[in-house]
Amino acid sequence: MADARARYWRSAEPRRSYDVVIVGGGGHGLSTAYYLARNHGLTDVCVVEKGWLAGGNMARNTTIIRSNYLWDESAAIYEHSLKLWEGLEDELGFDLQFSQRGVLNLAHHLGDVRSSLRRVNANRLNGVDAEWLTPEEVRAFCPIVNVSPDLRYPVLGATLQRRGGIARHDKVAWGYAARASDLGVDIVEHAEVVGFLRGPDGRLEGVRTTRGDIRAGRVALSAAGHTSVLASMLGLRLPLQSHPLQALVSVLLEPVLDCVVMSNAVHVYVSQAEKGELVMGAGIDAYNSYAQRGSFHVIERQMAAAVELFPIFAHAKLLRTWGGIVDVCPDASPIISATPIENLFINCGWGTGGFKATPGAGWVFADLVANGRPGELARPFSLERFTIGALIDEHGAAAVAH
Amino acid sequence: MLLIRCPWCGPRDEVEFRYGGQAGISYPSDPDALSDEEWADYLFMRDNPKGEFRERWVHAHGCRRWFNAVRSTVTHEIRATFPIGEEPPA
Ligand SMILES: Cc1cc2nc3c(=O)[nH]c(=O)nc-3n(C[C@H](O)[C@H](O)[C@H](O)COP(=O)(O)OP(=O)(O)OC[C@H]3O[C@@H](n4cnc5c(N)ncnc54)[C@H](O)[C@@H]3O)c2cc1C
Ligand SMILES: [Zn+2]
């Protein structure tokens, strides 16, 4: 396997200096590198990753892709991303197992129903495909969901985005890495950024890594859960809190589920991977953490909800659980922004839901880093929104679910 | 699951508590005097250290009192819990 991966991209020795250094070799850092080269002709670019390529949240997420967010700003960026997904296998020349199998978001109480209907209407006005299904229609679309009114949190309906689905996350990372590498980008693994190079006037001039100093014209942070740690080395405070987010898989089962089902209210979301395992995600643990593991009671609660909604799952056995560290913003929306530090740009705060944004975030972040100012899609997600009060509250559509 | 020592009730399971984030963020004494940047700082900016963190918890399903803790965000070990207004043991 190591050999196969080595053939996908060149593993580079870091040079002394680059136009752009991207910190973090997850999905976002790699797609940013690719679009810097492809869209802006910037190839003097290095991605530095402290561990192995895409071993962070990119390897740990439940791969749900959708664009049915409430507000115009979010619909625009997530839909841009979904459109990129729809052409991505051709673009990268990689089989990403991208499957638009439809995503159901269940509604369990009157408040849910109202906000779901509102979201369907908002989505349609924004050109995002969205449908409302009655409980009977939910059952027709996904026969194993229990729509009995006797449930503690009965299914009162669901929104459906047919263009939503899943993809194989590690292949997405390898695809971006391979094509970025082909275009001349250096990908450097096992190089942790431990500090920053500042000029005599305090100017940001590069990064200090465990594999030596690297000078950079611009530094682009794409470090997900560790963004605050890096920013604090520069004295920059951000509206981010890092939390554990857990997921799990069952043993391999015969096909029982051919769509994605999510329920914010009872905190469970599930799909069945091609191999046959059920892939399920939980809610975040309440406390701040960098430990990449969470508490078992969170998993227990999630399983209780899953078994009530899908009685057939009672037969499934848990195979393994794991955790990632997600960077949560107060309005459940990302930050794509220049910063008070010249030449420092950040893409973070994607929290529990940034996998679906991998192509779109890389696209707009590359544009910001290349031009030094945000384009239309990124502008609303600047740091300034916390000062001017223009928050993009996506708790309804993002919440804990993806 | 964490075992958290409520300063009044003793050690209890984490599920009895709710989390309150960073400790020691007090309401501005003169709110009218704050600039937009200072409001943003008060409302939204938070420390997010990898290491020891001073944070608030409330014993929601117990005595319902708030208290502070010093906990490692790497190991989850809780070094001390203590009433608000007091200092943790060194
Ligand atoms: C359990 C779980 C389930 C999820 N489910 C979904 C889902 O279904 N749908 C969805 O859209 N999103 C989901 N997400 C969220 C999604 O995974 C993230 O938002 C997204 O992966 C973040 O971008 P990234 O891929 O670049 O992050 P990461 O892969 O975490 O990349 C950040 C990289 O930065 C590196 N780094 C950090 N510090 C340094 C340093 N000092 N020097 C060098 N490198 C550094 C890290 O090692 C890491 O590789 C889920 C997340 C988790 C944890
Ligand atoms: Zn108590």
Open item on the list: Just to be sure I understand: with springs between alpha-carbon atoms less than 10 Å apart, which residue in A:365, A:141, A:381 has the highest mean-square fluctuation in the Gaussian network model of chain A?
Closed with: A:141
- [ ] Return the single residue from A:18, A:176, A:269 with maximal mean-square fluctuation; model: Gaussian network over chain A, springs between Cα atoms under 10 Å.
- [x] A:18
Task: Pair residue A:110, residue B:22: separation of 7 Å Cα→Cβ label points (nm) - done: 4.0 nm
Open item on the list: No partner Cβ under 4.7 angstrom, meaning no disulfide-compatible partner by this rule: which Cys of chain B qualify?
Closed with: B:63
- [ ] Write down Rg/Rh for the stretch A:202-357, rounded to two decimals, with Rg from the C-alpha atoms and Rh from the Kirkwood relation over Cα pairs.
- [x] 1.08
- [ ] First check a/c for the stretch A:344-402, with a ≥ b ≥ c the square roots of the eigenvalues of its C-alpha gyration tensor; if it is under 1.5, answer rounded, and if not, answer prolate when a/b is larger than b/c or oblate otherwise.
- [x] oblate
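Which whole number gives the average, over all residues in B:45-55, of C-beta atoms from other chains lying within 10 Å of the residue C-beta?
Values: counts 8, 8, 6, 18, 6, 11, 2, 0, 4, 0, 2.
Mean shielding by partner chains, rounded to a whole number: 6.
Rounded, prolate or oblate: which one fits the stretch A:1-70, using the alpha carbon gyration tensor with axes a ≥ b ≥ c (rounded when a/c is under 1.5, else prolate when a/b beats b/c, else oblate)? Could you put the intermediate results ahead of the total?
Details: a/c = 2.02, a/b = 1.28, b/c = 1.59.
It comes out oblate by the Cα gyration axes.
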- [ ] Could you list the trypsin sites (Lys or Arg not before Pro) in the stretch A:299-340 that lie in coil according to DSSP, counting only those with at most 13 other Cβ atoms within 10 Å of their Cβ?
- [x] A:317
Task: Anchor residue A:317: aspartates and glutamates whose Cα lies under 16 Å away (excluding residues fewer than 8 positions away in-chain) - done: A:254, A:277, A:300, A:308
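What accessible area per residue, rounded to a whole number of Å², is obtained for the stretch A:283-402 using a probe radius of 1.4 Å? Don't skip to the answer; put the middle values down first.
Working: 4330 Å² over 120 residues.
Per-residue value: 36 Å².
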Open item on the list: List the residues, sorted by chain then number, that are 5 or more residues from residue B:21 or on another chain and whose placed amide H is less than 5 Å from its amide H.
Closed with: B:56
Task: Centre separation in Å (Cα based) which lies between the stretch A:62-92 and the stretch A:32-49 - done: 21 Å
Task: Spatially proximal lysines relative to residue A:356 (Cα-Cα < 22 Å; intrachain offsets below 8 disregarded) - done: A:83, A:171, A:275
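Contour minus end-to-end for residue A:151 and residue A:373, with contour as 0.36 nm per residue of separation and end-to-end as the Cα-Cα distance?
Values: separation 222, 0.36 × 222 = 79.92 nm, distance 5.08 nm.
Extra length available between residue A:151 and residue A:373 comes to 74.8 nm.
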- [ ] Describe numerically, in nm with one decimal, the distance between label points set 7 Å from Cα along Cα→Cβ at residue A:44 and at residue B:37.
- [x] 3.3 nm
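Got the relative contact order for chain A handy, in percent, Cα pairs under 8 Å and 6 or more residues apart?
Rounded, it is 24 percent for chain A.
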Open item on the list: For a Förster distance of 60 Å, can you work out the FRET efficiency between the beta-carbons of residue B:75 and residue A:137, rounded to the nearest 0.05?
Closed with: 0.80
TODO: Enter the Cα centre distance for the pair the stretch A:102-130 and the stretch A:133-148, rounded to the nearest angstrom.
DONE: 16 Å
Task: Separation between Cα centres of the stretch A:181-215 and the stretch A:370-393, rounded to whole Å - done: 26 Å
TODO: Set the Förster distance to 25 Å, then compute FRET efficiency between residue A:15 and residue A:183 from the Cβ-Cβ distance, nearest 0.05.
DONE: 0.95
- [ ] Tell me the label-point distance for the pair residue A:121, residue B:60, using the 7 Å Cα-to-Cβ offset, in nm and rounded to one decimal.
- [x] 3.2 nm
Task: For chain A, built as a Gaussian network whose Cα springs stay under 10 Å, the top-fluctuating residue of A:232, A:289, A:271 - done: A:232
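Apply the a/c threshold of 1.5 to the C-alpha gyration tensor of the stretch A:67-125 and tell me whether it is rounded, prolate or oblate.
Numbers: a/c = 4.34, a/b = 1.97, b/c = 2.21.
It is oblate, given that a/c is not under 1.5 and a/b is not larger than b/c.
How high is the FRET efficiency between residue A:190 and residue A:293 when r is their beta carbon distance and R₀ equals 22 Å, given to the nearest 0.05?
Numbers: r = 22 Å, r/R0 = 1.00.
Efficiency, from the Cβ-Cβ distance: 0.50.
The values are calculated or read from the model by the stated rules, or taken from the named source; none is laboratory data. Computed from a prediction, not measured in an experiment: that's the story for all the values here. Note that each Cβ is placed from the backbone with ideal geometry, even for glycine, and that neighbours are counted across all protein chains shown. To get the accessible areas, we keep the full protein, side chains included, count just its heavy atoms, and leave off ligands, DNA and RNA. Shrake-Rupley method; radii C 1.70, N 1.55, O 1.52, S 1.80 Å.
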